[in-house]
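Below: one structure, written as structure tokens.
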Amino acid sequence: MLEQVLTELRACGHTVERPDDAGEPTALATGGSGPLDFAAEPVAVERVGSDPTTLVERAADAARSDRATLYVTSADEATTVGDILSTPRFVADERDGFRQFYPVPDRIQLADGSYAAVRATQPTARYGESARARADRVLTWREAPGDDDPSLVLDVNRQSTVTLDSVASLTNPGPASVFPYRYTRRDGSFRVLQGDEEVGRFASIGAMRERGYQPVPVPLVPEHHLRWGTPTLGLAVVDGEQVHYERITKQEQ
């Protein structure tokens, strides 16, 4: 799939390099013209799926390196990827100017080295769904009206459970006092605490989740990742023998 796009870029006069460094993009294209006008910028050509965290991290890396990014995806994933890249970019939803955030794989670590948790029953699993993904469906970070800036609210099963003053309040380490539970790993087991009292001990995170104690995901707040701005973005959708290109409108963060 990636090679199909690179072949078309070469046909348009681009010089394509495949860096050996694992920290570099899969391919870098320079020069040439079309199928998208990236001006004089080097273009990081990246095969991606529909994971919002990967998409924003690739954009952040491109902005930090003064590159454009051309995401390469399949026709099956194109709609989901397009939704993530639509305005407001890298945000799950927006209503009345307040955003709902995607979760990222990282969990909120607290000042004592433990991790934040809440009490929540997991929903019925979907086909092929992991326990982590199932838990993320019932934990939602969103903005809500606040005194000055919008507050940051964690909904658990659609009930407001944790409220922070703003997205800026979610620091690392996180504020321990606002989370009802925390967990830590000690002597080969995961221990859940409420204050200083241990309320459960489990052999794995999965067992902890099944008993209703859910690790709290970090919300994907786009401006926390895109501190260098948003690069020029493009999308290449591979559909059989055809490649369809779309330029993503520039959006300031």
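The values are calculated or read from the model by the stated rules, or taken from the named source; none is laboratory data. As the structure is a prediction and not an experimental result, all values here were calculated from the model. Backbone-built Cβ (ideal geometry, glycine too); neighbour counts: all protein chains shown. SASA here: full protein model, heavy atoms, side chains in, ligands and nucleic acids out. Shrake-Rupley method; radii C 1.70, N 1.55, O 1.52, S 1.80 Å.
Which condition does GLY113 not pass, out of (1) open to solvent by 10 Å² or more (accessible area, probe 1.4 Å); (2) at negative phi; (3) in contact (Cβ under 8 Å) with a residue 12 or more places away in the chain; (4) not polar (S, T, N, Q), if it passes all the others?
Looking at each condition in turn, GLY113 falls short on (2).
Out of the residues in region 116-130 that are open to solvent by 40 Å² or more (accessible area, probe 1.4 Å) and in contact (Cβ under 8 Å) with a residue 24 or more places away in the chain, which is nearest to TRP141 (Cα to Cα)?
The qualifying residue nearest to TRP141 (Cα to Cα) is ARG119.
Kindly check whether there is at least one residue in region 40-62 that is more than 20 Å from PRO219 (Cα to Cα), basic (Lys, Arg) and open to solvent by 10 Å² or more (accessible area, probe 1.4 Å).
yes
How many residues are touching a residue at least 40 places away in the same chain (Cβ under 8 Å), among the basic types (Lys, Arg) and in a loop (DSSP other than H, G, I, E, B) if we restrict to region 192-245?
Result for region 192-245: 1.
Yes or no: ASP83 in contact with a helix residue (DSSP H, G or I) (Cβ under 9 Å, 6 or more places away or on another chain) and either part of a helix (DSSP H, G or I) or open to solvent by 60 Å² or more (accessible area, probe 1.4 Å) (or both)? Can you show your working first?
Values: in contact with a helix residue (DSSP H, G or I) (Cβ under 9 Å, 6 or more places away or on another chain): no; either part of a helix (DSSP H, G or I) or open to solvent by 60 Å² or more (accessible area, probe 1.4 Å) (or both): yes.
Judged against the criteria, ASP83 is not a match.
Determine whether GLY23 is touching a residue at least 12 places away in the same chain (Cβ under 8 Å) and surrounded by fewer than 16 Cβ atoms within 10 Å (Cβ to Cβ).
No; evaluated as a whole, the condition is false for this residue.
Does region 63-80 hold any residues that are under 16 Å from TRP228 (Cα atoms) and either aliphatic (A, V, I, L, M) or open to solvent by 10 Å² or more (accessible area, probe 1.4 Å) (or both), and which are they?
ALA63, ARG64, SER65, ASP66, ARG67, ALA68
Of all residues in region 135-174, count the ones that are open to solvent by 40 Å² or more (accessible area, probe 1.4 Å), within 24 Å of LEU193 (Cβ to Cβ) and in contact (Cβ under 8 Å) with a residue 24 or more places away in the chain.
4
Only residues that are basic (Lys, Arg) and either part of a helix (DSSP H, G or I) or surrounded by 21 or more Cβ atoms within 10 Å (Cβ to Cβ) (or both): list them for region 1-20, please. Please lay out each step first, then the result.
If we filter region 1-20 for residues that are basic (Lys, Arg), which is where we start, we get 10, 18.
Result: ARG10, single match.
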